[in-house]
Amino acid sequence: MTYAHTDVFYINGAWVAPQAPASIDVINPATEQPFATLAMGSASDVDTAVAAAKAALPAWSQTSREDRLALITRILEIYKRRYEEFALAISTEMGAPICFSRDEQAAVGVSHLEAVADALKEIRFEETLSNGDTLMRGPVGVCGLITPWNWPINQIVLKVIPALAAGCTMVLKPSELTPLSAILYTEVLDEAGVPPGVFNMVHGEGPIVGAALSRHPDVAMMSFTGSTRGGVAVTQDSAPFVKKIALELGGKSPNLIFADADLETAVTGGVQFCMGNTGQSCDAPTRMLVERSVYDRAVEIAARACNAVTVGAPDVEGDHIGPLTSQMQFDKVQAMIRMAMDEGARLVAGGPGRPEGFETGYYTRPTVFADVTNDMRIAREEVFGPVLVMIPFDTEEEAIALANDTDYGLSSYLSSGDPARIRRVALRLEAGNVNVNGGYIAAGSPFGGYKQSGIGREGGLLGLEEFLETKAISAY
């Protein structure tokens with residue numbers, strides 16, 4: 001399959017060539033071979049895109065709720081028509097198996113958009129306070145949006161659609177590792193009739209294009225999803241201008257399993273969730289904390305569940321995991337597995353190297369370590385691969401302490417048969433989300449974290465509010 005528009009950017013309603021020639025190969029992670037060439041931008045391209053967004057802001061910011069809803073509805077209709085193209089693009093560019101790409105990766109482009117549309121219908125842009133003053137909410141202005149490679153459409157939709165709904169204009173810098181889905185989404189926005197300058201896209205590297213956005217004086221807000229290190233860089237670059245910042249960063253999410261849970265279901269589900277998307281999810285439950293009285297049995301179940309996870313090619317239908325997305329990611333995961341073994345963690349499934357039968361491609365073995373202590377690096381650092389660590393605990397207090405003993409606080413998981421305990425523990429977990437007994441938060445619920453997992457929330461009403469400023473007007 002060939003892809004259009006890889007050699008151009010989208011600025012002011014048109015596909016335009018870069019101001020300086022620069023490009024990189026886009027690599028298929030299953031074959032390690034290039035399949036497209038991507039134009040890379042510069043600070044000058046960012047200047048042009050921001051100028052277009054700034055010029056479009058006065059008119060777009062004054063559009064009605066009904067006009068924005070109509071546009072978002074057209075975007076959804078076109079996206080659904082081109083749905084399979086998105087599934088194929090994501091599968092090719094990041095290695096997600098086609099069934100997972102279709103059922104999960106592309107699917108969130110529908111559910112998250114629908115949730116933002118519902119929020120746009122619900123939100124009150126103007127209301128009277130009990131003291132008689134008027135509260136008004138309006139767009140923050142020109143927004144810089146930086147999205148990652150691991151859930152490319154998920155993050156594009158969670159930034160672009162609420163920014164549109166809020167009346168903002170924007171410049172998107174998608175990951176250069178997964179540009180195809182971003183190009184397709186730009187085509188959808190163009191066909192839907194997004195006015196020129198309201199949405200702009202420039203490809204490029206974070207230290208060049210991302211930094212130029214963060215440092216641009218006409219960009220009022222930066223919304224970034226990626227590593228904590230990247231989030232710190234965006235914050236530092238934005239600080240001199242005191243920009244509004246929204247960050248969705250890393251995680252090392254705990255999965256607390258108590259003895260009164262359905263152990264087989266909880267452990268098996270925890271392993272499967274950790275391995276999903278080849279472990280490349282910021283909220284993956286990578287630390288499984290198990291009550292000691294059932295710990296040995298849980299380790300046996302986890303090993304069995306891990307060994308049942310199959311690895312396969314992205315273009316093959318079926319319930320398996322694919323390769324990691326890049327050589328850099330493969331090297332990092334392999335190094336972390338070996339580090340865990342050196343630290344003394346007990347390997348109970350998987351291990352270093354590629355799975356049998358895979359000599360080419362960034363494939364790695366699903367892996368489980370037991371008898372990990374929370375001071376080991378494998379328990380504290382984000383692996384971003386299909387690697388699970390298991391840690392025993394004796395009491396509820398210890399479980400909560402272990403869960404919260406991390407620099408991160410993005411998500412958490414909890415399994416217990418006691419509703420009172422679920423509520424009690426959930427209230428004390430320092431994480432933006434608590435997923436209970438195999439459930440997962442629905443589209444429209446706020447997503448984001450505590451501590452080094454970020455600032456702000458994405459999704460639904462709170463995600464829309466991130467792109468708004470609030471003003472109070474005295475009674476008159």
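The values are calculated or read from the model by the stated rules, or taken from the named source; none is laboratory data. What you see is a predicted model, and the numbers here were worked out from it, not measured in a lab. Cβ coordinates were reconstructed from backbone atoms using ideal geometry, including for glycine residues, and neighbour counts include every protein chain displayed.
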Next item on the list: Check whether at least one residue in the stretch 230-239 is more than 22 Å from ALA182 (Cβ to Cβ), free of Cβ contacts under 8 Å to residues at least 60 places away in the same chain, over 22 Å from the mean Cα position of the chain (by Cα) and surrounded by fewer than 24 Cβ atoms within 10 Å (Cβ to Cβ), and report yes or no.
Entry: yes
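Which of the residues belonging to the stretch 245-278 are among the β-branched types (Val, Ile, Thr) and surrounded by fewer than 18 Cβ atoms within 10 Å (Cβ to Cβ)?
Initially, the stretch 245-278 is screened for residues among the β-branched types (Val, Ile, Thr), giving 245, 257, 265, 267-268, 271, 278.
THR265 - this is the single residue of the stretch 245-278 that is among the β-branched types (Val, Ile, Thr) and surrounded by fewer than 18 Cβ atoms within 10 Å (Cβ to Cβ).
If I ask for residues that are in contact (Cβ under 8 Å) with a residue 60 or more places away in the chain and in contact with a helix residue (DSSP H, G or I) (Cβ under 6 Å, 6 or more places away or on another chain), which ones from the stretch 288-312 would you list? Steps first, please.
First pass over the stretch 288-312, keeping only residues in contact (Cβ under 8 Å) with a residue 60 or more places away in the chain: 288-292, 295, 298-299, 302-303, 306, 309, 312.
Correct list: MET288, LEU289, VAL290, ALA298, ALA302, CYS306, VAL309.
Quick one: is ALA192 crowded, with 24+ Cβ neighbours inside 10 Å and assigned by TED's automatic domain parsing to the domain that holds PHE35?
On the way: crowded, with 24+ Cβ neighbours inside 10 Å: no; assigned by TED's automatic domain parsing to the domain that holds PHE35: yes.
Judged against the criteria, ALA192 is not a match.
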Next item on the list: Counting only residues that are under 20 Å from ILE11 (Cβ atoms), give me the strands (runs of 3 or more DSSP E) lying completely in the stretch 175-272 with at least 3 of them.
Entry: 199-201, 221-225
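Among the residues of the stretch 340-348, is any in contact with a strand residue (DSSP E or B) (Cβ under 8 Å, 6 or more places away or on another chain) and in contact (Cβ under 8 Å) with a residue 60 or more places away in the chain?
Pass one, the stretch 340-348, residues in contact with a strand residue (DSSP E or B) (Cβ under 8 Å, 6 or more places away or on another chain): 340-341, 345-348.
Of the ones still in play, those that are also in contact (Cβ under 8 Å) with a residue 60 or more places away in the chain are none.
Checking the stretch 340-348: not a single residue is in contact with a strand residue (DSSP E or B) (Cβ under 8 Å, 6 or more places away or on another chain) and in contact (Cβ under 8 Å) with a residue 60 or more places away in the chain.
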Next item on the list: Could you tell me which residue of the stretch 404-433 is farthest from ALA379 (Cα to Cα), considering only residues that are buried (at least 20 other Cβ atoms within 10 Å of the Cβ) and aliphatic (A, V, I, L, M)?
Entry: VAL425
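Kindly state which strands (runs of 3 or more DSSP E) lie completely within the stretch 376-436 and contain at least 2 residues that are of a type in the set (Asp, Glu) and outside the structural domain of ALA259 (by TED's automatic domain parsing). Spell out how you get there, then give the answer.
On the way: elements: 387-393, 411-415, 433-436.
The strands (runs of 3 or more DSSP E) meeting that bar number zero.
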Check: Among the candidates THR325, THR360, which residue alone is part of a loop (DSSP other than H, G, I, E, B), surrounded by 23 or more Cβ atoms within 10 Å (Cβ to Cβ) and touching a residue at least 24 places away in the same chain (Cβ under 8 Å)?
Finding: THR325
